[in-house]
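Here the structure comes first, spelled out in structure tokens, and everything after it is commentary.
The values are calculated or read from the model by the stated rules, or taken from the named source; none is laboratory data. Just so you know, these numbers come straight off a predicted model, no measurement behind them. Glycine also receives a Cβ, built like all others from the backbone with ideal geometry; neighbour counts cover every protein chain displayed. These accessible areas exclude ligands, DNA and RNA; they are computed on the full protein's heavy atoms, side chains included. Shrake-Rupley method; radii C 1.70, N 1.55, O 1.52, S 1.80 Å.
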Amino acid sequence: MDRFMENHHYATLFQPLELPCGTVLKNRIAKSAMSDSLGDGRGDPTDAQIRLYERWAEGGLAVSIIGEVQGNPNFAEKPGNLVLRSDSDLRRFQTLARRGSANRAQLWLQLGHAGAMAHPPISDPKGPSALDIPGLICSALTQDEVRALPSEFARTARLAKDLGFGGVQVHAAHGFLLSQFLSPLFNRRDDKHGGSIANRMRLLLEVVDEVRGAVGPGFPTAIKLNATDQLEGGFDKKDALAVIAALDGTGIDLIDISGGTYFPGARSASDSAGTGPYFLDFAERARPLTRKPLMATGGFKTLQHATDAVARGSVDMVGLARALVLDPTLPNGWRSGTKGAPKFPRFSDPPEGGITAWYTMRLTELGEDREPADSTELEASIREYEDRDSDRISTWNARFRARRVSRPKVRLRK
């Protein structure tokens with residue numbers, strides 16, 4: 001071990017972590033789920049996407065999580081999402097699984113369903129309850145549709161395992177479907193899936209149980225959960241703590257704590273101007289409620305942030321996103337003591353979604369092995385981001401026969 005790693009405080013970040021299922025992660029650094037928007041418009045991986053996850057694996061992290069992989073293409077977040085089902089290009093997915101797990105890294109799929117926030121040009125948005133507000137219109141899922149959801153998630157998880165992926169993460173954060181069921185703003189149902197937090201978490205627990213049953217006891221199964229959706233009257237910390245307590249009795253292996261929502265007009269946690277991790281205080285409140293390993297995502301920008309969080313026991317893992325976009329080799333650099341914090345760009349008066357677009361297009365540069373441009377001018381990134389998604393709408397609809405083929409302006413999300 002090099003001189004840097006002889007410092008026990010820093011070494012804790014690079015100690016292995018054994019999950020309850022028995023899988024051992026080689027260190028405590030994860031690339032948290034992001035919408036990389038690199039699917040081919042038909043739901044299959046592209047060469048750039050495969051190379052991107054290979055680069056992250058080579059860079060020394062323990063696990064990468066691919067954001068928003070859909071089992072049902074009718075409720076996708078955007079036309080760059082992956083869709084994994086029996087008629088997908090399974091060889092491409094196998095290649096992604098193999099190359100994204102280089103260097104003893106794990107590659108997990110985040111099981112997604114956008115629900116009410118499904119992209120209208122390629123979807124028919126449906127949520128827990130019907131909504132008609134500026135920027136968001138959806139109908140309500142029927143009881144039969146709700147009952148079918150756990151098996152949909154479970155089928156995708158089983159296929160991920162069969163194709164060689166290292167694990168799955170159930171997405172219950174950021175305003176997507178399972179998060180919508182948890183929130184009283186979205187969920188106004190009067191059946192067994194609405195009302196009290198015990199009822200609002202029922203679908204989530206059903207999904208977790210069916211996923212675990214489908215993949216067996218030895219396959220890593222994580223969950224991403226909001227500490228709060230940061231909306232008045234929405235899912236709050238009290239409810240989140242109740243969900244974490246309930247998850248302690250399930251087959252979950254890792255609870256990834258995040259926050260915020262992509263509800264129209266809401267502030268994204270990832271665009272916060274803070275200088276440190278966002279959700280460690282909540283993680284410390286959650287710690288006594290569960291024996292499950294905890295991970296926090298959001299605001300980790302320096303080695304000191306990451307090591308302090310793990311060394312003092314607030315969390316067992318740290319989730320990095322934009323830091324690894326800026327430098328995919330950061331874990332190796334931290335371990336060897338040759339790198340400090342990446343240089344985060346500064347944007348003056350960014351338009352809504354502009355920063356997300358900039359980072360998303362930088363992911364494309366990484367996947368294509370191009371040297372990233374130094375420019376922080378956002379307008380060009382926004383145009384390129386929106387044009388690419390618009391071009392893929394017709395491809396998506398031709399592949400999946402979505403009923404709506406209009407092409408309104410793309411709504412930006414992380």
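Within region 89-110, the set of residues being within 23 Å of residue 397 (Cβ to Cβ) and either touching a His at 6+ places or on another chain (Cβ under 9 Å) or touching a residue at least 60 places away in the same chain (Cβ under 8 Å) (or both) comprises 90, 93. Annotation: of all residues in region 347-373 being open to solvent by less than 20 Å² (accessible area, probe 1.4 Å) and among the β-branched types (Val, Ile, Thr), the one that is nearest to residue 48 (Cα to Cα) is 364.
Could you list, in sequence order, the residues of region 289-311 that are aliphatic (A, V, I, L, M) and open to solvent by less than 10 Å² (accessible area, probe 1.4 Å)? So that I can check it myself, show each step before the final result.
Initial filter on region 289-311 (aliphatic (A, V, I, L, M)): 289, 294-296, 303, 306, 309-311.
Answer for region 289-311, where residues must be aliphatic (A, V, I, L, M) and open to solvent by less than 10 Å² (accessible area, probe 1.4 Å): 294, 295, 296, 306, 309.
Of the listed requirements (1) in contact (Cβ under 8 Å) with a residue 60 or more places away in the chain; (2) in a helix (DSSP H, G or I); (3) under 17 Å from the mean Cα position of the chain (by Cα), residue 53 misses just one: (1).
Number of residues in region 124-142 that are open to solvent by 60 Å² or more (accessible area, probe 1.4 Å) and under 19 Å from residue 183 (Cβ atoms) equals 4.
Filter region 1-31 down to residues that are more than 13 Å from residue 166 (Cβ to Cβ), open to solvent by less than 50 Å² (accessible area, probe 1.4 Å) and at pLDDT 95 or above, then give me how many there are. Write out each step before concluding.
From region 1-31, those more than 13 Å from residue 166 (Cβ to Cβ) are 1-18, 20, 27-29; that's our starting set.
Still in the list and also open to solvent by less than 50 Å² (accessible area, probe 1.4 Å): 5, 10-14, 17, 27-29.
If we keep only those that are at pLDDT 95 or above as well, we get 13-14, 17, 27-29.
The number of residues fulfilling the criteria is 6.
Yes or no: residue 183 closer than 13 Å to residue 240 by Cα and open to solvent by less than 40 Å² (accessible area, probe 1.4 Å)? Talk me through it step by step, then tell me what you get.
Details: closer than 13 Å to residue 240 by Cα: yes; open to solvent by less than 40 Å² (accessible area, probe 1.4 Å): yes.
For residue 183, the condition - closer than 13 Å to residue 240 by Cα and open to solvent by less than 40 Å² (accessible area, probe 1.4 Å) - is met.
Of the residues making up region 186-207, those that are touching a helix residue (DSSP H, G or I) at 6+ places or on another chain (Cβ under 7 Å) and open to solvent by less than 50 Å² (accessible area, probe 1.4 Å) number 12. Looking across region 83-112, the residues that are within 21 Å of residue 256 (Cα to Cα) and buried (at least 23 other Cβ atoms within 10 Å of the Cβ) come down to 100, 105, 107, 108, 109, 110, 111, 112.
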